[in-house]
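Read-outs: derived from the displayed coordinates by stated rules, not from any lab. Everything numeric here is computed off the predicted structure, so don't read it as measured data. Cβ sites come from the backbone with ideal geometry, for glycine too, and all protein chains shown count toward neighbours.
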Amino acid sequence: MAVIDSGVDTDHPAIRDAVIACVNTTGDANGCEDSQGHGTAVSAIIAGIAASAGGGETPDSVAPGASIIAIKVFPDNGDPIYSDDIAAALLLALSLDPDIINLSLGGGKSTLPDCDASGDPAVDVITRKRLLRAWPW
């Protein structure tokens, strides 16, 4: 599963074994490490393992055993997210052919009249191609 978000804490005990790749499209010097925490939280919800009271580990997620490909699109310095970073992340994710791509990007309010149109031609084309490939209508 590809998680396009703020990166991931690759040392976090709940997900360190689930993360099989970590890529940064922002160019931050911090690599794909998550300085905001959201990508780590999303990854833990998907594939996290928690320590049990008995000292072992127990699945504590919606898809225990899933592998995470973390793709960072949020810059560390709090600058806005850029559509070219999202487009690069989507293209990278599509090239790796995961079963699922998760994007839980947000913040602020939308100025777009149609929630299915980003206004960025590259993102719109990628979205249409992915939808057509995933949904045989």
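Observations
- Fully extending the segment from Thr10 to Ala29 would add 5.3 nm, taking 0.36 nm per residue of separation and subtracting the current Cα-Cα distance.
- Among 40-49, 92-101, 23-32, 66-75, sorting by the average number of other beta carbon atoms lying within 10 angstrom of each residue, highest first, gives 66-75, 40-49, 23-32, 92-101.
- As a calculated quantity, the FRET efficiency between Leu92 and Ser67 at R0 = 22 Å, using C-beta atoms, amounts to about 0.90.
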